[in-house]
Amino acid sequence: MRSSLHQEDKISSAPAAAADALDKLLRFGALMLRAGNTALRTRERMEVMARRMGFDAVSVVLTLDSVTASVRRAGEWTTAVREIGPPGINAWRIGELDRLAASVEARLAPRELAASLGKIEFAPHLYSDALLAAAIGVASGAFAFLNGGAMPEVIAAAIGGGIGQGSRAWLSRRQLNQYGVAAVCALVASASYVVAAALAGLIGFGFAHHPAGFISSVLFLVPGFPLVAALFDLMQHQTVVAVTRFAYGVMILLVVAFGLSIVVALAGVDLSRPPPPELAYPLQLVLRGIASFLAGCAFAMLFNNPARTVIAAGLLALAANELRLALHDSGMMLAPATFFGALAIGLLATLVDRQFDIPRIATTVPPIIIMVPGLYAFEMIVLLQRGEMLNALQASASCGFVIGALAMGLAAARLISRR
């Protein structure tokens with residue numbers, strides 16, 4: 001009788017153990033997807049982890065707001081769903097979860113696995129809010145220089161970008177709506193640029209409110225991570241996640257444009273493009289390389305990358321953006337030059353991923369954001385406000401060709417390098 005009862009207890013505890021292990025697997029997948037990882041890589045890591053946890057088979061369904069998994073152990077199937085929560089970006093978390101999936105073993109108790117996941121989930125960010133605000137300020141100034149701005153525009157853009165990022169950090173800690181936060185930060189950053197420009201004019205550094213510095217002060221709000229992840233997901237037939245991520249990115253862009261349009265209407269920012277500063281070409285190459293490197297490093301820090309990934313992203317930005325600008329200087333149109341720049345980023349990011357085990361998306365997004373055609377987007381917004389539809393369509397077509405070239409370059413690199 002005692003052995004029979006003991007056997008019944010073991011049988012009844014088996015489904016409970018499977019359900020407990022499945023809960024940890026779902027938590028792992030939710031953390032990885034919420035950190036900004038692609039759906040395909042999340043699915044692959046969940047399958048690896050499921051096998052290491054002793055499951056015989058696993059089926060995973062991913063959306064942007066939930067994870068569903070069905071697992072089989074000892075002939076019994078168990079299915080569960082877990083909500084994800086608001087999307088975020090945390091490249092360090094993606095790397096740690098990758099390493100956890102590679103090291104977990106079947107004999108690891110669910111309680112120990114839960115402790116490891118909790119340690120990763122609640123780990124503080126690698127960089128303080130003040131340091132990130134300063135880094136984004138430097139990146140915004142670098143954008144202004146790359147877009148043809150002189151030193152006053154560079155300084156004003158740095159001030160606007162730094163204040164905008166500080167405002168975003170302060171508002172995000174209060175768990176406000178992400179779309180509202182993006183709109184407010186676009187307004188604050190662009191208004192800070194206008195105020196800095198006005199103050200510079202009062203002390204003798206007068207310059208027109210042209211778009212080079214103005215648009216550079218808000219480029220840190222471009223949702224590059226979800227848009228690039230959506231492109232990768234779409235190429236790997238992860239359609240549901242790709243479409244929802246793309247819709248999320250487009251909504252962020254629209255609310256940023258709304259915040260910008262308010263400042264444009266009130267401050268009277270014009271569309272005139274003054275000639276870029278006259279510099280010797282070798283010096284121009286050096287300064288552009290430094291600006292690209294600094295901007296790439298700043299965005300890698302914003303995505304919570306560790307130091308070696310920050311340096312890798314900066315070097316990729318330097319190489320790819322210099323290639324793009326050199327091709328454009330030699331007479332090539334901007335769209336094909338951007339294609340070759342994006343292709344270089346995709347191939348180099350794949351090489352870094354294979355050699356140093358750094359997630360590809362962590363080193364892809366920062367250099368790509370530098371190539372975003374912000375000036376064309378700004379012209380489109382202003383012209384639409386003025387009712388100049390034909391000119392707005394022309395600006396939107398130019399913007400669309402460059403963005404399409406970015407997507408095609410990354411897609412081509414993915415097709416070439418994917419095993």
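The values are calculated or read from the model by the stated rules, or taken from the named source; none is laboratory data. These numbers were taken from a predicted model, which means no experiment stands behind them. Note that we place each Cβ from the backbone using ideal geometry, even for glycine, and neighbour counts take in every protein chain shown. Side chains are part of the model used for accessible areas, which takes the heavy atoms of the whole protein and leaves out ligands, DNA and RNA. Shrake-Rupley method; radii C 1.70, N 1.55, O 1.52, S 1.80 Å.
Out of L234, L283, one residue alone is modelled with pLDDT of 90 or more and either part of a helix (DSSP H, G or I) or among the aromatic types (F, W, Y) (or both). It is L283. For the stretch 101-218, the helices (runs of 4 or more DSSP H) that sit wholly inside it and include 3 or more residues that are modelled with pLDDT under 90 and open to solvent by 40 Å² or more (accessible area, probe 1.4 Å) are 110-121, 178-202.
Can you confirm whether A317 is in contact with a Leu (Cβ under 6 Å, 6 or more places away or on another chain), open to solvent by less than 40 Å² (accessible area, probe 1.4 Å) and part of a helix (DSSP H, G or I)? Judged against the criteria, A317 is not a match.
Checking the stated criteria, F299 turns out not to satisfy the condition of being of a type in the set (F, W, Y), in a helix (DSSP H, G or I) and over 27 Å from V382 (Cβ atoms). Selection within the stretch 371-391: residues that are in a loop (DSSP other than H, G, I, E, B) and without any contact (Cβ under 8 Å) to a residue 12 or more places away in the chain. The member of this set that is surrounded by the most Cβ atoms within 10 Å (Cβ to Cβ) is E388.
For the stretch 349-361, the criterion of being surrounded by fewer than 22 Cβ atoms within 10 Å (Cβ to Cβ), in a helix (DSSP H, G or I), of a type in the set (S, T, Y) and in contact with a helix residue (DSSP H, G or I) (Cβ under 9 Å, 6 or more places away or on another chain) is met by at least one residue.
Quick grid of which residues meet (1) farther than 21 Å from C399 by Cβ; (2) touching a strand residue (DSSP E or B) at 6+ places or on another chain (Cβ under 9 Å); (3) hydroxyl-bearing (S, T, Y); (4) in contact (Cβ under 8 Å) with a residue 40 or more places away in the chain:
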position: L260; (1), (2), (3), (4): no, no, no, yes
position: L283; (1), (2), (3), (4): yes, no, no, no
position: G289; (1), (2), (3), (4): yes, no, no, no
position: F293; (1), (2), (3), (4): yes, no, no, no
position: C297; (1), (2), (3), (4): yes, no, no, yes
position: L327; (1), (2), (3), (4): no, no, no, no
position: T338; (1), (2), (3), (4): no, no, yes, yes
position: R354; (1), (2), (3), (4): yes, no, no, no
position: T364; (1), (2), (3), (4): no, no, yes, yes
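Across the stretch 25-60, the number of residues qualifying as surrounded by fewer than 20 Cβ atoms within 10 Å (Cβ to Cβ) and in contact (Cβ under 8 Å) with a residue 60 or more places away in the chain comes to 2.
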